[in-house]
Amino acid sequence: MSNRAISGTYAPGSVFKIVTASAALETGRITRGTRFFCPGYYKLGHAEFDCWKKDGHGSQNLVEALMNSCNVFFYNTGRSVGVDRMEAYSKLFGFGKPTGVDLTDEVGGIAPGREWKRVRRKSGWFEGETLNYAIGQGYLAVTPIQVLNMVSVMANNGNLVRPHLVKKIGDTEVASQKPRNIGLKAGTLNEVRIGLSECINNDSGTGKRARASGTRVAGKTGTAQNPQGRTHAWFCGFAPYNDPKVAV
């Protein structure tokens, strides 16, 4: 009888690349013209971090990396951003705390960082953990409603919404909180939104099966490792692209 939408926590996988991309653009670690080459893996010391496409994606910019969900692009990007900024932008998008939806038993999940790991794991932070963070793996744990909120930021021109269920109790109107702008630049929103649109509407996009006739959908796919068994599949998105009315 658990409400997984607000009480189930999971690794978000590649849907989290929306946050990584935003953090990198906002902090100037990448621009729309930045390109990284993906041979199918990324080396850090003696460790090798794989892309999901074994023979690689070749040279990728941000829009192409979102469209193709290229892990190597985001390993490079996340390492450049660093764990401290990754933690800060995770929290800016609403991760690590309850959304405040008017339902009981909502949990906050985990938006990890150096201090979190020092207290909870009694250990320092390792650079390889930043690479996993950048693609939505590792210690990061989120609820589906938090992922919905994250993609809504892209639909709402940078505004984070507190989910609101109850309109009226008896004759009393229940006031909903106004959306809060989290301060992303217009250029950041535009670039990430284009990547989300290409993910669905380009024939090479990982989310092309989410196309819908009569409207343009934007979104992001994700696959997250699950220690209990089969990998989890994610999809988040919004439509119509130019005048969003719904996010999923």
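The values are calculated or read from the model by the stated rules, or taken from the named source; none is laboratory data. Quick caveat: nothing in here was measured; it's all calculated off a predicted structure. FYI the Cβ positions are ideal-geometry reconstructions off the backbone, even for glycines, and counts take in every protein chain you see. The area values use the complete protein model at the heavy-atom level, side chains included, leaving out ligands, DNA and RNA. Shrake-Rupley method; radii C 1.70, N 1.55, O 1.52, S 1.80 Å.
Things worth noting here:
- Remark: the chain carries 51 Å² of accessible area per residue (probe radius 1.4 Å; ligands, DNA and RNA excluded).
- Positive end of the dipole of segment 40-182 (Cβ unit charges, origin at the Cα centre): among TRP125, GLY78, ILE135, the Cα lying farthest that way belongs to TRP125.
- Ranked from largest, the principal axis spans of the Cα set of segment 53-196 equal 61, 41, 26 Å.
- Cα point-scatterer Debye curve for segment 31-92, base-10 log of I(q)/I(0) at q = 0.23, 0.28 Å⁻¹: -0.96, -1.16
- Segment 188-248 - charge dipole about Cα centre, Lys and Arg +1 at Cβ, Asp and Glu -1, debye rounded to 20: 200 debye
- Taking 0.36 nm per residue of separation and subtracting the Cα-Cα distance, full extension of the segment from LEU44 to HIS164 would add 38.8 nm.
- The lysines within cross-link reach of LYS245, meaning a Cα-to-Cα straight distance under 27 Å and a gap of 8 or more places when in the same chain, are LYS17, LYS91, LYS97, LYS167, LYS168, LYS178, LYS185, LYS208, LYS220.
- Rounded to whole Å, the principal axis extents of the Cα atoms in segment 19-131 read 46, 32, 26, largest first.
- Of the solvent-accessible surface of segment 10-57, computed with a 1.4 Å probe and all protein chains present, 51% belongs to carbon and sulfur.
- Mean Cβ count within 10 Å, highest first, over the residues of peptides 10-17, 237-244: 10-17, 237-244
- Electrostatic tally near ILE200: other residues with Cβ closer than 13 Å to its Cβ, Lys and Arg +1, Asp and Glu -1, net +4.
- Every helix of 4 or more DSSP H residues in the chain counts as -39500 (n - 2.57), and over all residues that averages to -10000 deg cm²/dmol at 222 nm.
- If R0 equals 25 Å, the separation of the Cβ atoms of ALA5 and ARG211 corresponds to a calculated FRET efficiency of about 0.50.
- Helix 17-26 and the longest principal axis of the Cα set of the chain meet at an angle near 80°.
- The distance between label points at ARG118 and THR231 comes to 3.5 nm (points 7 Å beyond Cα on the Cα→Cβ vector).
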